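Structure record follows, encoded as structure tokens.
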């Protein structure tokens, strides 16, 4: 089948490359000429494991191409996916201007029956508006609008596309449903569950999924706070409840709060929709408030671990992206925590395997170094903000030699209190006991 992807951001590029890998002929449309030039040269503008290989393989096979010309890409397509950003506006609602612009830009070039697919995360009713825009711009067009929300996790997106938990297809006509079924047939052969719904239901499903996962993250973070007060271990609590099949273990890892491109903006957009229809989502609003408060309290945790006063002290920071295996800085906890530490008088020296280029645009007056051990010489504390795998296998002896004091603040719980005690560190983590080496042990070091 012939497919066009409007937008080559995270969702458009990953989905386009994966559709091509399934055997479809895919054209990715991008208005940014520099981005098109990069992609045609094999340079991937985002970091996503495996994406460079799958793009190169399908470009070489002739199934994947890139263009800035919608007039060349859209005619004859079986499906046109709208994959543009929907960032939050100042009032919290999703900004749909790029979605509507993509619809208008596509309308004039439709040739033969085409399914216009909202792949972007959009509020309920967006598909209706897209349909109205296209009908007004091209009354003779033969098309349907469907909703096919994405559920791609950054850092694991290709596997999520090729081996998804489910595929949700919101289509109001059998004709559109048949086209979508044909697009996903290779995945259906591997028994992937397909959920067919109305368009409005599919639109709401995406927001409901992300709001629920954000709620799980916030819940376990609040349980972690209780654990610290009563001497319990949040990781054992998480395992104890996660083994219940009604709850599940995913998204029950306590930490510094959620961030990224989806949870913050999608929870905000869902609350906006709920208020508009007169059914406020009190739980989701509480989740948002608790997550914002979480980041402030994590900064306070760092200050407390440093003796209650961080002025003039140096903090070595490992990881600034909102999660590992991505260079995405959108709503990363570091964007709140590090400035708060700076306001308290701390000097920050930081390293991230992939995110420093993007982080420099958002975080100021930070010393950036090129490897993990570079943040440690003379630092008063080592702060772990992102759980990159390379941070899990650091040389403890070297860390102790480099740091001014053997103090580690681990907001991702990548180490255990027991191993930190054996290594002689003062170790502060989330929802677990704090390890404080004895005075004798410190002097013997």
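For (1) in contact with a helix residue (DSSP H, G or I) (Cβ under 8 Å, 6 or more places away or on another chain); (2) surrounded by fewer than 23 Cβ atoms within 10 Å (Cβ to Cβ); (3) in the same structural domain as residue 386 (by TED's automatic domain parsing); (4) in a helix (DSSP H, G or I), each residue gets a yes or a no:
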position	(1), (2), (3), (4)
257	yes, no, no, no
268	yes, yes, no, yes
279	no, yes, no, no
304	no, yes, yes, yes
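Assess whether residue 350 counts as being touching a strand residue (DSSP E or B) at 6+ places or on another chain (Cβ under 8 Å), closer than 19 Å to residue 295 by Cβ and either surrounded by fewer than 17 Cβ atoms within 10 Å (Cβ to Cβ) or assigned by TED's automatic domain parsing to the domain that holds residue 300 (or both). For residue 350, the condition - touching a strand residue (DSSP E or B) at 6+ places or on another chain (Cβ under 8 Å), closer than 19 Å to residue 295 by Cβ and either surrounded by fewer than 17 Cβ atoms within 10 Å (Cβ to Cβ) or assigned by TED's automatic domain parsing to the domain that holds residue 300 (or both) - is met.
Residues that are out of contact with any helix residue (DSSP H, G or I) (no Cβ under 9 Å at 6 or more places or on another chain), surrounded by fewer than 19 Cβ atoms within 10 Å (Cβ to Cβ) and modelled with pLDDT of 95 or more: does the stretch 141-150 have at least one? Scanning the stretch 141-150, I find at least one residue that is out of contact with any helix residue (DSSP H, G or I) (no Cβ under 9 Å at 6 or more places or on another chain), surrounded by fewer than 19 Cβ atoms within 10 Å (Cβ to Cβ) and modelled with pLDDT of 95 or more, so the answer is yes.
Among the residues examined, residue 116 qualifies as at pLDDT 95 or above and buried (at least 23 other Cβ atoms within 10 Å of the Cβ). With respect to the stated conditions, residue 245 is outside the structural domain of residue 49 (by TED's automatic domain parsing), under 22 Å from residue 217 (Cβ atoms) and free of Cβ contacts under 8 Å to residues at least 24 places away in the same chain. Looking at 398, 422, 432, just one residue is in a loop (DSSP other than H, G, I, E, B) and either without any contact (Cβ under 8 Å) to a residue 12 or more places away in the chain or not assigned by TED's automatic domain parsing to the domain that holds residue 154 (or both), and that residue is 432. One residue alone among 173, 197 is buried (at least 16 other Cβ atoms within 10 Å of the Cβ), modelled with pLDDT of 95 or more and touching a strand residue (DSSP E or B) at 6+ places or on another chain (Cβ under 7 Å), and that residue is 197. Where helices (runs of 4 or more DSSP H) sit wholly within the stretch 167-245, those with at least 3 residues that are under 19 Å from the mean Cα position of the chain (by Cα) occupy 199-230.
The values are calculated or read from the model by the stated rules, or taken from the named source; none is laboratory data. No experiment lies behind these values; they were computed from the predicted model shown. FYI the Cβ positions are ideal-geometry reconstructions off the backbone, even for glycines, and counts take in every protein chain you see.
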